[in-house]
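**Q** Next up is a structure, given as structure tokens.
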Amino acid sequence: MNAHRITGGAALLLALLVAPPVLAQGADSGCTAFRWNVAAERALFESDGTALTAGGDAASAATLPLARLARVSLPAQDTVDYRLPPAKLKLADGAHGGLLRFTVPKDGEYRIALSSAHWVDVVDDATLLPSLDFHGASGCAAPRKLVRYRLPAGRPLLLQLSGAVDATVGVTVTPEP
């Protein structure tokens, strides 16, 4: 038998071994729609991540790790006592939301990436920080949405999520590349 010849059974096995990456590529095709380089976020979203439960108020807000994926369980939005009213509260019926706490080590631009379409607000003390830019890809959940902020170092910040039905969400906070 020629060593380079593939039998029918071997051909089927080879096809099955090769097929999953092709199928996965098709399932992630919406992730190529970003106008930003999201390679760092994509790599984080492929990890297992840390399980967290978002707080229903500022006092119970879980601490969000930086540059790591957090898989966050969210309470019903109507039970959440936001530090400040969300800048865009939508989808009241069946929506989930919550609060997460985080601190960045140095002043600068950071990206907050989500696997869902939740509205994102960052609160510094009693001020909603303005976003610099945002981008999303509706056919992608790894991530689906990114929002850029200029964040102050060493200050306790609150991430407020609101306005979407997803009861769990993947979240990352990373420095702007």
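**Q** Looking only at strands (runs of 3 or more DSSP E) that lie completely in the stretch 45-161, which have at least 3 residues being of a type outside the set (Asp, Glu) and either in contact with a strand residue (DSSP E or B) (Cβ under 9 Å, 6 or more places away or on another chain) or at positive phi (or both)?
**A** So the answer is 50-53, 70-73, 96-102, 108-114, 119-124, 131-136, 145-151.
**Q** Among what's in the stretch 47-66 and is modelled with pLDDT of 95 or more and open to solvent by 50 Å² or more (accessible area, probe 1.4 Å), pick the residue that is nearest to Ser162 (Cα to Cα).
**A** Asp57
**Q** Return the residues of the stretch 122-154 that are among the acidic types (Asp, Glu) and either open to solvent by less than 10 Å² (accessible area, probe 1.4 Å) or over 22 Å from Pro85 (Cβ atoms) (or both); say none if nothing qualifies. Walk me through it before giving the result.
**A** The first filter runs over the stretch 122-154 and keeps only residues among the acidic types (Asp, Glu), leaving 124-125, 133.
Asp133 - this is the single residue of the stretch 122-154 that is among the acidic types (Asp, Glu) and either open to solvent by less than 10 Å² (accessible area, probe 1.4 Å) or over 22 Å from Pro85 (Cβ atoms) (or both).
**Q** Can you name every residue in the stretch 91-102 that is over 19 Å from Thr53 (Cβ atoms) and surrounded by 12 or more Cβ atoms within 10 Å (Cβ to Cβ)?
**A** Of everything in the stretch 91-102, just one residue is over 19 Å from Thr53 (Cβ atoms) and surrounded by 12 or more Cβ atoms within 10 Å (Cβ to Cβ), namely Leu91.
The values are calculated or read from the model by the stated rules, or taken from the named source; none is laboratory data. These numbers come from a predicted model, not from an experiment. Heads up, the Cβs are rebuilt from the backbone with ideal geometry, glycines too, and the neighbour counts pull from every protein chain shown. Heads up: the accessible areas ignore ligands, DNA and RNA and are worked out on the full protein's heavy atoms, side chains in. Shrake-Rupley method; radii C 1.70, N 1.55, O 1.52, S 1.80 Å.
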